[in-house]
Each structure stands twice: as C-alpha cells, then as structure tokens.
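Notes follow the structure.
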Amino acid sequence: MSAGNSVPDCAPGDLQQAHQDKKTRRWARIVKLARGGLALRFRSFFRFSLRFFAAVLGIGLLGYLIFRTGPGLVWKQLQVVGWGVALIIILGGLSQFIKTCAWRQAFTCELSKLSWSRSFVGQLISDGIGQFGVAGKVIGEGMRISMLGRAVPLANALSAGAIDGGLHSFTAVLVTVSGIAATLLLAPLSAASRAYALLLVAALVALVILAGISVTRRWHLVGNAIRAIGRLPRLRNWVSDKQSIIDSAEDNLLTFHDEAPAAFWTTLICNLLWHALAVLEVYVILRFMGARIALGGAFVVEGLTKVINLVGAFNPGNFGTYEAGNMLIAKIFGVTGTSGLTLALCRRARTLFWAGIGAMCMVAMKRTEDTPLNMSGGGSDSGRTPRPVTN
C-alpha cells in the first residue's frame, strides 16, 4: 500500500518537472534557431552590402573616367562610330544566335518540345544577367534552365549548361593565352607586368591541363567536391537532395565527347565562332573610329579584354573596371584612351540592347502562357459560387 500510495504523491512533481524541462528545451531550440537565422541574415546582408558597395564604386569609376576624358569628346567619338553601332548590334545578335546553337548541340536528349525562340530568349536572359559577375552567371544559368520548363529533364539541362560553359571557357582560355603571348612578344612591357602575365598564362594552362585530364580519366571532381561539402551538418540535407542530379549531369559531361562526337565538335566550333565575332566587333568599332588596326591586333585586344573580364568578375556588372581596362589596352597598342573608352561603351550598349530584348520577350512569353488560364477562369461561370458536391 505504501508503494502504491507513493506514486500519486510524486507523480504531480514529476509531471511538473517534465513539463518544465520540455518548456526549457523548446525555448532553447527557439533561441538557437533565432541565432542561426540572425547569423544567416547578417551574412547575406554583408555579402549584399559588399556587392552593392563594389557596384557603386564601379559606377563612380565609370563616371570619373567619362568626365576626366571629357563627355563632349566621348560623344564625338560615338558620333564618329555612327551607324556602325547598328552593325555592332547585328553582330551581337548573330553571336547570340551562334551561342544558342552551341547550347542546343550540348543536349543529350530529344529537343522536339523545345522551340528555337525559347532557347534564344533563354540565352539572351542568361547572357544579360551573367554580366553581373560570378553570382550573375549562376543566376543567369538558373534562369536559362527555368525557361526550358518541362521540355527537357533537369539533369540534361544541367549537363548541357556544363558542357556549353566548359567548352566556352576552354576556347576563351585559348584566346586569352594567345593574346597575352602576342602582347609579350610585341608590346613594350615592364618586368613586373611580364612576370604577372607569365604567371597568369601558367595558371590558365595548368587549369586547361587539369580539365583535360579529368575528362580523359573521367574524374568526378564536381561530384566529389559536393559530397565533401555535404558532410557539413547544415548542408547535408540540401546536398543529399541534389547529389543524384549533379552526378548525372557530370557523367553526361564526361561522356559527351565519346557518345556524341559530332555534337561535341559542333559545340566547340560554335564557341570558337562566338569569339571570332567578338574579335570582328573590336575591329569594326576601332576602324570606324579611324584607328589603324589589323584583325590580328583586334584579336590581341579581345584576348586582353578577357583578362579584364576575369579580373572584374567580382565587380557586379564590371562597371568602371571594364572601361578602365579597355583604355589601358588601347594605349598599349598606340590607340588613344578615348578610343578605348568608346570601344567599351559601344560594346556595353550592345549588351544592354540584347538583354533588354530578352527581357521583353520573356515577359511576352509569360503573358502568353498565363492567358489561357485567365480565360478559362473568366468565362460565364467566373462569377458563380461553386455548388457543393452531393453523393
């Protein structure tokens, strides 16, 4: 009886203690989540502030370059180019079309449900957003994939983007290394500049060799890196959900040359043509401004411009740094800094034009897709209340 009576005596205290412990653990969990959320928000705000500050500095540098050169002189140079701007825009559209061809060739699945117009608009959107540095390229590629809808499986879309991006980077490195090598042979550079140039060439060549070996031996570098990141507690669930898609995309990338050699070479040639049109663009702009430059010189200028793009990758929009770099490159080859600044402004205008065209086409496509839904919901039954279903 004493044992039986002891249970009711201590049960209320135990229940109260358990309730208190549960309440304490709940508040501890809330405080932990709040701290984690505040830390995450602070990191996001800090990164955004850095990018915003870099963009403001870049725009300020661009304004400083224009006013130091003289807005009137820059405007005169733009007037000298004249109708050549229309030719530059046409060349820009042709390069976007060729880039779209390269991207479509990189798919390893059926594309009968994916229209050319949607592919072209996706390329325009991706290229326009990609101008805003590394984060812009990631977001732009995501936008390009989202434009595909359900026409292409996600794994194939990711692998096509990786194949196209990899071959584009490979051809860009070839142009960059060639441009730097020609500059070392032709231009009078200081010893420090030559040392930095040789160091950059060595790093780029080593990167190309590593990429070639990884493709030849089929090393899953990206998949293994993602697995390593997935060991972190906070990223484990996120990585586990996407690991299979990443592995499938990388496997398509590594086997693309063997399984589809014709598509591989077509993609590679299209990317080379894209760079050739960029060289032609430089040549046309400088010739319209009266600069005596050959196609070989325009090729070297384009190769060095890619170095400027690499340096300014962490500057959102590459504002200021792109224009300043073009002015320095122009002076190396005996062209005035004003011509270099005008060259950069003309190319930026071409980029903004086609990005705007892509944005307008995307909005039009979205409205077209939403129209049937609105019409179906706005008929004669749109104002009626649904009747209850009876058995």
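Details
- As a fraction of the 1.4 Å probe accessible area of segment 296-371, surface on carbon and sulfur atoms comes out at 74 percent.
- Approximating the spin labels as points 7 Å out from Cα along Cα→Cβ, the His220-to-Lys366 distance works out to 3.7 nm.
- Distance (nanometres) between label positions extended 7 Å along Cα→Cβ at Ser178 and Leu94: 1.8 nm
- With the simple spin-label model, which puts each label point 7 Å out from Cα in the Cβ direction, the Val134 to Trp265 separation comes to 3.6 nm.
- Using C-alpha pairs under 8 Å with a sequence gap of at least 6, the mean separation divided by the residue count of segment 66-193 gives a relative contact order of 22 percent.
- Full extension of the chain segment joining Ala86 with Leu57 gains 7.4 nm, where the gain is 0.36 nm per residue of separation less the Cα-Cα distance.
- Of the solvent-accessible surface of segment 99-194, computed with a 1.4 Å probe and all protein chains present, 65% belongs to carbon and sulfur.
- Accessible area (Å², 1.4 Å probe, nearest 10) - Lys306: 30 Å²
- Euclidean distance of C-alpha centroids, segment 248-293 and segment 103-119, integer Å: 18 Å
- Listed peptides 193-200, 167-174 by packing density, highest first (mean Cβ within 10 Å): 167-174, 193-200
The values are calculated or read from the model by the stated rules, or taken from the named source; none is laboratory data. Bear in mind the structure is a predicted one, so any value in this text is a computation, not a measurement. So basically every Cβ, Gly included, is an ideal-geometry build from the backbone, and we count neighbours across all protein chains shown. For the accessible areas, the whole protein counts, side chains as well, though only heavy atoms, and no ligand, DNA or RNA atoms are used. Shrake-Rupley method; radii C 1.70, N 1.55, O 1.52, S 1.80 Å.
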